[in-house]
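Enquirer: Questions regarding the structure given below will be posed in turn.
The values are calculated or read from the model by the stated rules, or taken from the named source; none is laboratory data. Nothing here was measured: the structure is a model prediction, and the numbers come from that model. Ligands, DNA and RNA are excluded from the accessible area calculation, which covers all protein heavy atoms including side chains. Shrake-Rupley method; radii C 1.70, N 1.55, O 1.52, S 1.80 Å.
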Amino acid sequence: MGLNETDTRAKLIDPALYKRGWTENLIRREETAGAIEIVDGKPRRRARGRVDYLLRVAVNAESQPVAVALIEAKAENLSPYHGLEQAKQYCKRFHVPFVFSTNGHLFVEYDSTTGQTSQPRPLTEFPTPDELRERYEEARGFRLNAPLAKPLLVRYPGGEATRRYYQDAAIRAVLEKLARGEKRALLSLATGAGKTFIAVQLLKKIADAGLLERALFVCDRDELRSQALAAFQSVFGADAAEVYEEPDGKNHASNARIHIATYQTLDVDTEDGTANFLTKHYQPDYFSHIIIDECHRSAWGKWSQVLTRNPNAVQIGLTATPRTLEITEKSKEAEADQQITADNIRHFGEPVYEYDIAQGIEDGYLAACEIHCIDLSLDGKRETEGIVREDLEGKTLTDANTGERLTVAEASARYAASDLEDKLLLPDRVAAMCQELFRRLCETGGPAQKTIIFCTRDREADAAYAEMIKRYPASSGM
C-alpha cells in the first residue's frame, strides 16, 4: 500500500521540489474560507479549501513573488493524471499559465497557452524556478525585469495576509496586461468580492513602482464614494481626497494624487455643451490612471467623457455583471443593457479576470443562499410561474416601457415572473417585498446586517433602496 496524499506531499513531493530550487518563499499553500451550507435552516461551514502548491518566481529577495504555476498532489498509488482535471479548473481561478499533477514519482503538465498536456515525466525533472520564469515571461509577453512590469514586483502593504487568492489573481491579471504596454483592462467580480480593495492595491503597486502621476476613481453612488475614500485613505493617507467644489470655487482634491469622485460630482451628464466640473477643473490628459467602478451600471454616454478626455491614461473598468447577458426581448432597457455591455467590451476588451458569485459562495467568501418562494401576486398565492390578469385587481400598474398607468383591462392576460418590474411595474409589490425582507432581517440579526438584493432593473433597485431606507428608522422599536 502506497503513501496517502499527505505523506506523498511530505516525503516525496516536498524533497523533490526543494532539490529543484523551489524554496519555501516561492511556494504558497492557498486556502479558502470554506463554503457555508444551510442545513435545517442553520449555517454550517465546510472545511477550508486548499491548493497544494502555488509556485511563484521572484526577481530578487525584496520583490513580491509572482504566481506562475500550481501543483495538484495525489496519493502515491494513483496515476499522475489523476489530479490533472482538478488542476485545470484552478488555472483560470488562480490566473496561472501552467498546472501540474503528480503522485510523487511522475508528473504531468497542462499548458493553458497551448492547450497541450505532456506525457508523464520523473519528478526529478520538474522545471526549476528559472525555467518556469522564462516560460512564464514568454507566455505573458514581457520580462519581469522590464520597467512596465515593476508594479508586479511591489509587495502588498501589510503583507500577503491582507488579500484573498482571487484578489491577487485579479491584480496580477491587470498588471500583466499593463506590463505588455496595453492601457485598458476590465475586471468582472461578484458584488461583495472586494473590487475596491483591488482598486486600492492596483494603484498602490503602480504608485510604489514610480509609474503613477495622478489617478481618478469614479463610482456612481455617494455610499460607494464614502467607502472608497476610507479605503484609499487607509493606504494613501491625505494623498487621496474626495472631489467636490469648495465655496471659493476650488477643487477640494486639487492637491491629492488620488481623486475620488462620483459621476454626479463630475457633472458628466451635461449634454448641452456647457462646461461641467470635469472640464472646468481637469484639463485633457490630467490623469495617468482612471478606474471606473461598477461600469455596468452607467450608460456609456454618462462616463465616456471621463475616458475620452484622458486618452493616454491607463483605464480600468470594474463590473459585477457577467460579460454575457441573456437578452430575451427587444425592449429599450434590454437594448440599453446590450449596448453598455458591448461598449465595455469594445473599450476595455474582454475581462482579464472573472470571479462569479457561485465561486464566491463555494469558497466561503460570499454568503450562502437559501431560496424561499414568496407571494408574487400579493394575495397569498405561492405562485412562482407568474401572475394572471385577475391577480392585478386593486393594484397600481405602470407600463415599464411608456411609464403610463395601466388599468387591469389594459394589462396582458398573463405575466411571467421575469416580466414583473421589467414589462410591468408594481410599486405595491416592491413595497410589500421590502417589508417582508425587512421583517426577516429584524428576525435574523437586525436590519443593519449585510445583505444583497438582486433586482430585475436599475429602476427596481432604486425603488427597493428607497423602500428599505424608509423602513430602517422603524427598527428602533423592534
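Enquirer: What order do Tyr165, Tyr286, Tyr81 take when sorted by accessible area (1.4 Å probe), most exposed first?
Expert: Details: Tyr165 5, Tyr286 40, Tyr81 95 Å².
Order by accessible area, largest first: Tyr81, Tyr286, Tyr165.
Enquirer: Just to make sure I understand: if all protein chains stay in place, what is the order of Cys219, Cys455 by accessible area at 1.4 Å, largest first? Walk me through the numbers on the way to the answer.
Expert: Working: Cys219 0, Cys455 45 Å².
Output order, biggest surface exposure first: Cys455, Cys219.
Enquirer: Then there is this: Classify the stretch 173-275 as rounded, prolate or oblate, taking a ≥ b ≥ c as the square roots of the eigenvalues of its Cα gyration tensor: rounded when a/c is under 1.5, otherwise prolate if a/b is larger than b/c and oblate if not. Walk me through the numbers on the way to the answer.
Expert: On the way: a/c = 1.56, a/b = 1.45, b/c = 1.08.
It is prolate, given that a/c is not under 1.5 and a/b is the larger ratio.
Enquirer: Still on this model: Accessible surface of Leu12 in the full protein assembly, 1.4 angstrom probe, to the nearest 10 Å²?
Expert: 40 Å²
Enquirer: With the cut-off at 25 Å, tell me which of the pairs Lys150/Lys183; Lys177/Lys205; Lys150/Lys280 have Cα atoms farther apart than that.
Expert: Long pairs (Cα-Cα over 25 Å): Lys150/Lys280.
Enquirer: Protein chains only, probe 1.4 Å: how do Tyr365, Tyr282, Tyr18 rank by accessible area, largest first?
Expert: Ranked list, largest accessible area first: Tyr18, Tyr365, Tyr282.
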